[in-house]
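Bear in mind that the values in this text are calculations on the coordinates, not laboratory data. Only a predicted model underlies this, so the values are computations on that prediction, with no experimental measurement involved. Cβ placement follows ideal geometry from the backbone for every residue including glycine, while neighbour counts extend to all protein chains displayed.
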Amino acid sequence: MAQWIQGTVVDNIHWTENLFSLTLDAAVDDFTAGQFTSLALDIDGERVARPYSYLNSPGQRPLEFFCYTATDGLLSNMLVKLDSGDQVWIKQQSTGFFVLKEIPAADELWMLGTGTGIAPYLSILNTTEPWDRFQHIVLVQAVRTQADLRYQELIETFSSNHPEQFSFQAYVSREQVPGTITGRVPTSIEDGSLEESVGRQLNTEVSQIMLCGNPDMVKDTVEVLKGRGFRKHRRRTPGHITVENFW
């Protein structure tokens, strides 16, 4: 069973009223890009925990987590108040199968994420493995408002370092923002606007798709993709779609 260890807050960056990034110093075990751990605080005599994906890649320090303060989220509403030097519990071992070694061979990798669900993708893209394995990578970041589009500088480095191998598409659902798609990810796959925007076609012969974030987005996108012949990937029955719900 994974052990709890103490971590120390290095920084707590408040991006918006609801989004923040927590960086920690902690002696965690090695992990694989795309995996998650758990953070916890002792609140009213009870240890309250929640899983969070690593945003930093393996070997990078400090540890980094992209967080959202849910209205009824007891833990997240306490984490957002932490200051440098404060203590937080973290699981020493990571877990999860949302990693590239679980993704079948393909020419293209599509990484579709909503909100803080972009975190595991940034961890993965900061390693050499995806660039060595796939001819082209499409990253989608879907948010509610333009202010929620965080980590654009990091994403731009992927574009600069791999200009022929990387495409990025942002979605903003509640505002009209130039260069972004307004609306939902499944709708844009259904009407073809995502593929038109990035200049590539989703194809069962060459595409693998990762979905991470809001369960409604994941569920609805899976259904749209199934209508085009894509299948959920399982070890015993290989397919095209690998999912992780962030809720």
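With everything on Cα atoms, drop me the angle between helix 215-226 and the longest principal axis of the chain, reported from 0 to 90° to the nearest 10.
Around 20 degrees separate the two axes.
If you filter the range 101-171 for GluC sites (Glu not before Pro), then keep DSSP loop positions with at most 11 other Cβ within 10 Å, what is left?
Details: sites: Glu102, Glu108, Glu153, Glu156, Glu164; in loops: Glu164.
Counting only loop positions with at most 11 other Cβ atoms within 10 Å, the GluC sites (Glu not before Pro) in the range 101-171 are Glu164.
Summing +1 for each Lys or Arg and -1 for each Asp or Glu, what net charge is found among the other residues whose Cβ lies under 15 Å from the Cβ of Trp131?
After counting each charged neighbour, the total is -4.
Angle between the Cα long axis of helix 152-161 and the longest principal axis of the chain, 0 to 90 degrees, nearest 10?
50 degrees
Give the dimensionless ratio obtained when the Cα radius of gyration of the range 127-245 is divided by 2.2 N^0.38 Å. Let's see the in-between values first.
Values: Rg = 14.4 Å, N = 119, 2.2 N^0.38 = 13.5 Å.
Rg over 2.2 N^0.38 Å, computed on Cα atoms: 1.07.
If the chain between Arg47 and Asn161 were fully stretched, how many nm would it gain, using 0.36 nm times the residue separation less the Cα-Cα distance?
Result for the pair: 36.8 nm of gain on full extension.
Take the Cα gyration tensor of the range 4-91, multiply each eigenvalue by 5, square-root it, and list the three semi-axes largest first, rounded to whole angstrom.
Details: eigenvalues 71, 45, 31 Å².
One finds semi-axes of 19, 15, 12 Å for the range 4-91.
Could you check which residue among Ser84, Ser207, Ser21 shows the biggest mean-square fluctuation in a GNM of the chain with a 10 Å Cα cutoff?
Ser84
Given a cut-off of under 8 Å on Cα pairs at least six residues apart, what relative contact order in percent is computed for the range 1-146?
On the way: 299 pairs, mean separation 42.1, N = 146.
Relative contact order here is 29 percent.
Rounded to the nearest 0.05, what FRET efficiency do Thr95 and Glu196 give with R0 = 35 Å and r taken as the Cβ-Cβ distance? Could you check? Display every interim value, and only then the final one.
Details: r = 38 Å, r/R0 = 1.08.
That pair, Thr95 with Glu196, gives E of 0.40.
So, with +1 on the Cβ of K and R and -1 on the Cβ of D and E, and no other charges, what is the size of the charge dipole of the chain about its Cα centre, to the nearest 20 debye? The partial results should precede the final answer.
On the way: 20 positive and 31 negative charges, 154 e Å.
Dipole about the Cα centre, nearest 20: 740 debye.
So, in Å, what gap is there between the alpha-carbon centers of the range 190-247 and the range 98-134?
One Cα centre to the other: 13 Å.
With a cut-off of 8 Å between alpha carbons and a minimum separation of six or more residues, what is the relative contact order of the range 100-245 in percent? Could the numbers behind the result be given before it?
Values: 243 pairs, mean separation 38.4, N = 146.
Over the range 100-245, the number comes to 26 percent.
Any chance you could list the semi-axes, whole Å, largest first, of the equivalent ellipsoid that the Cα gyration tensor gives for the chain, using √(5λ)?
Numbers: eigenvalues 182, 80, 58 Å².
They are 30, 20, 17 Å, listed largest first.
Suppose only helical runs count, i.e. DSSP H with n ≥ 4. What mean residue ellipticity at 222 nm does that imply for the chain under -39500 (n - 2.57) per run, divided by all residues and rounded to the nearest 500 deg cm²/dmol? List each step's numbers first, then the result.
Numbers: 7 runs with 52 residues, N = 247.
Rounded to the nearest 500, it is -5500 deg cm²/dmol.
Taking the Cβ of Ser53 as the center, what net charge do the other residues with Cβ under 12 Å away carry, scoring Lys and Arg +1 and Asp and Glu -1?
Counting the neighbours of Ser53, the net charge comes to -1.
Within 10 Å of each residue's Cβ, count the other Cβ atoms and sort Met217, Met210, Met78 from fewest upward. Walk me through the numbers on the way to the answer.
Details: Met217 23, Met210 26, Met78 15.
Result, fewest neighbours first: Met78, Met217, Met210.
Computed FRET efficiency, Cβ-Cβ of Asp83 and Leu154, R0 22 Å: what is it to the nearest 0.05? It would help to have the intermediate numbers written out before the result.
Numbers: r = 24 Å, r/R0 = 1.10.
Computed FRET efficiency for Asp83 and Leu154 comes out at 0.35.
Most fluctuating residue of Val99, Val177, Val222 in a GNM of the chain with Cα springs under 10 Å: which is it?
With Cα springs under 10 Å in the chain, the top fluctuation among Val99, Val177, Val222 is at Val177.
For the chain, what's the relative contact order in percent, using C-alpha pairs closer than 8 Å and at least 6 residues apart? The partial results should precede the final answer.
On the way: 514 pairs, mean separation 43.7, N = 247.
Result for the chain is 18 percent.
Given 0.36 nm per residue, what is the gain on full extension from Ala70 to Val206 after removing their alpha carbon distance, in nm?
On the way: separation 136, 0.36 × 136 = 48.96 nm, distance 3.73 nm.
Using 0.36 nm per residue and subtracting the Cα-Cα distance, I get 45.2 nm.
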